[in-house]
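The values are calculated or read from the model by the stated rules, or taken from the named source; none is laboratory data. Computed from a predicted structure; not experimentally measured. For neighbour counting, all protein chains shown are included, and Cβ atoms are generated from backbone atoms with ideal geometry for every residue, glycine included.
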Amino acid sequence: MSHRNRHILESYFPIASFIASIVGPKCEVVIHDIEDLEHSIIHIENSYISGRKIGDGSTDLVLKLIQDKRYKESNYIANYEAKGPNGQTYRSSTYYIKDEQAQLVGLMCLNIDITHLEVAASWIQDILNGGQLNPISPFEVSSQEKPKQASEYLQGNVDEIITHIIESAVGQLQIPPERLSSNEKIELVKQLNEQGVFLLKGGVMQVAKVLNVSEPTVYRYIQKIKD
C-alpha cells in the first residue's frame, strides 16, 4: 500500500515490537495509518489480544481524536480504559505520529489486557472490605491533556464501529430516534459528527437508516451543522 508518509510510519514498527517485547504477551501494540481509516491498521503486535489484524479499521476513539484535532495540542494520551467486543478491559495509551510539519499521519496505540487483573482486584477488594464490593475507580488520564472521552472500543470491523458509535449515542436518548424532531435529529447528527462517524464510508447510510430519513437528508443535516 503506497503512502506518502509510509517511511515515517514504518520507522515506528521496530518501536512497536520493542514495546511489546518489554511489556509482554498481554500488551498489544497497533500502528494506524490515518490516510485509509477503513483499513488503518498497518502493523500490530500480539494481535490475539483484541483479535484485530492488519487491514482492519480505526476505532471510535481514533476517529474522535482525528475529528476534534486534539493532537495539535499534545503528543499523546495515556492510561485510559478501553473495552473489547467480548467484555475485555484494557489499559490503553495512544501516541500521535506526526510529520515534519507537525501534521498527524498515524497513531501508535498500546493496549494492555487487564481483564483478569480487574477481576482479581475486585475479589481482593471484596475480602478486604468484609464482603462489601466497591467499584474499581476508572483510570486516571496522564497526559498533556485530559480528553472528554477516554474510553475506546477495540473492534476492527468498520461496520461494527459505526454501529457501536450510533448505538452509544442513541442509547442516551429518551425516545426512539425515528420520533425525534428535525432539530433533535440535527443535534444527534452533530454529536455523531463529533465522534467521527462520517469519516468512514457507510456512516451516512447507517445514520439515515437509524433516523428513518434519506441519505440526502443526513447530508443536509451535516451541512447545517457546518454552516
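What's the total number of residues in segment 38-86 that are without any contact (Cβ under 8 Å) to a residue 12 or more places away in the chain and within 12 Å of the chain's Cα centre (by Cα)? Of the residues in that region, 0 qualify.
Taking the criterion of being among the polar types (S, T, N, Q) and farther than 11 Å from Val218 by Cα, the residues of segment 167-192 that qualify are Ser168, Gln172, Gln174, Ser181, Asn183, Gln191. Only a single criterion out of (1) within 21 Å of Thr163 (Cα to Cα); (2) in contact with a Pro (Cβ under 6 Å, 6 or more places away or on another chain) is not satisfied by Leu61, namely (2).
If the condition is being closer than 22 Å to His7 by Cα and either modelled with pLDDT under 90 or touching an Asp or Glu at 6+ places or on another chain (Cβ under 6 Å) (or both), then segment 27-61 contributes Val29, Ser40, Ile41, Ile42, Gly57. Residues being out of contact with any helix residue (DSSP H, G or I) (no Cβ under 6 Å at 6 or more places or on another chain) and at positive phi are entirely absent from segment 2-20.
Quick check: is even one residue across segment 175-193 under 17 Å from Ile66 (Cβ atoms) and of a type in the set (A, V, I, L, M)? Yes, there is a match, as at least one residue in segment 175-193 is under 17 Å from Ile66 (Cβ atoms) and of a type in the set (A, V, I, L, M). If you scan segment 169-185, which residues turn out to be part of a helix (DSSP H, G or I), of a type in the set (Gly, Ala, Ser) and free of Cβ contacts under 8 Å to residues at least 24 places away in the same chain? Passing the criteria: only Ser182.
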